[in-house]
There are 2 protein chains.
Amino acid sequence: MKLVSPGEAAANTNDMSNQAGEELVRIGEMAKKYGVTLRTLRFYEDKGLLNPKRDGSTRLYTRRDKARLKLILLGRKVGFSLRDVKQMMDLYDPTGSNTKQLRLALDKSEKQLARLQKQRALIEDAINELTTSMAAVRQMLIARTAPQASAAG
Amino acid sequence: MKLVSPGEAAANTNDMSNQAGEELVRIGEMAKKYGVTLRTLRFYEDKGLLNPKRDGSTRLYTRRDKARLKLILLGRKVGFSLRDVKQMMDLYDPTGSNTKQLRLALDKSEKQLARLQKQRALIEDAINELTTSMAAVRQMLIARTAPQASAAG
DNA sequence: GTATAAATTGACGTAAACGTAAAAGGTGCG
DNA sequence: CGCACCTTTTACGTTTACGTCAATTTATAC
């Protein structure tokens, strides 16, 4: 079972597909393609988020794995935990309408949105407090730098 | 050496002060007063952020400790790590102008402010992405809930 | 066939700020 | 006197998402 050569991803002289013409990539290429580390891909697999095929012990990522990874990365970006992502993904059923999955996703999204908004408020609070105390510190520094000008008229 | 009775913090019939008239409080009262746990106070001490006196093995918090704790809590609120807080506090010298301390604080504050602003941007990004995908999910749910109306004129 | 590159599993480490349990000493009060 | 409560020290546990070796096996290049 041959694959894409590690050196050249564009080389298609090899048999890099299975019977369905699926492009199988190994972990290195997968990582590069999506800007994650090998460790991350293995970690996601360990957590049940990815399920690459194997050629012996070598992982082979399919189109499905790529789609799933994209979802994982989107989920992470909006602040879902991997557990949340997994929970939602586990509900996916290619033969059904996935209404339950969509409802769960929507439910979790609403909660996450609320969390994000609260976080934003906290951060803005912090920014205000920090700005205020920075002004105070600047004043103290000025008082120490040029105190000789305060006695004059 | 007597103290505030544990049951009543307002009872001032006891000798709860040292020679300077300083009010010494024990860990329980200190924790309640500032809304932190006992563990937190001990943790901060372990990290060198607080230095309560001792009556035998019992911690006695002075006015200075209260001031320091306030600073710690402010620092935490604006997102400084305890290490940062300690680093700044360690520069405090009651006999000097503390110019170095103030400069360090200002420097750290500027960096922290930048971090906070970046975080805020990330969160707003996330909010946007999440809002977008929520709309998409809602559409998919609608398509599954009322597909029978699309065939009619 | 060998050097180099890529891949594997396993397992400990990291960051921050405490939580929690255990076991024991001190203290006021009725 | 003994309960109830406060406090002490020590030390492992928690959380999340990986990082960082390390030792080994496989794959590709020349």
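Kindly check whether there is at least one residue in the range B:20-28 that is over 28 Å from B:Gln117 (Cα atoms), more than 16 Å from DNA strand D (Cβ to nearest atom) and in contact with a helix residue (DSSP H, G or I) (Cβ under 7 Å, 6 or more places away or on another chain). Yes: the range B:20-28 contains one or more residues that are over 28 Å from B:Gln117 (Cα atoms), more than 16 Å from DNA strand D (Cβ to nearest atom) and in contact with a helix residue (DSSP H, G or I) (Cβ under 7 Å, 6 or more places away or on another chain).
Of all residues in the range B:41-63, those satisfying the criterion of being within 22 Å of B:Lys108 (Cβ to Cβ) and assigned to a helix (DSSP H, G or I) are B:Phe43, B:Tyr44. Could you run through the range B:44-62 and say how many residues are loosely packed, with under 13 Cβ neighbours inside 10 Å and under 19 Å from the mean Cα position of the chain (by Cα)? Within the range B:44-62, residues that are loosely packed, with under 13 Cβ neighbours inside 10 Å and under 19 Å from the mean Cα position of the chain (by Cα) number 2. With respect to B:Gln119, determine if the residue is outside the structural domain of B:Leu50 (by TED's automatic domain parsing) and within 16 Å of the chain's Cα centre (by Cα). Here the answer is no, as B:Gln119 does not meet what is asked. For the range A:92-102, filtered to residues that are in a helix (DSSP H, G or I) and more than 7 Å from chain B (Cβ to nearest Cβ), the residue that is surrounded by the most Cβ atoms within 10 Å (Cβ to Cβ) is A:Gln101. Among the residues in the range B:70-78, are any in contact (Cβ under 8 Å) with a residue 24 or more places away in the chain, away from chain A (no Cβ under 11 Å) and crowded, with 17+ Cβ neighbours inside 10 Å? Yes, the range B:70-78 has at least one match. Filtered by the rule that a residue be at pLDDT 60 or above and within 11 Å of DNA strand C (Cβ to nearest atom), the range B:11-26 gives a lone residue, B:Arg26.
The values are calculated or read from the model by the stated rules, or taken from the named source; none is laboratory data. Everything numeric in this text was worked out from a predicted model, so none of it was measured. Heads up, the Cβs are rebuilt from the backbone with ideal geometry, glycines too, and the neighbour counts pull from every protein chain shown.
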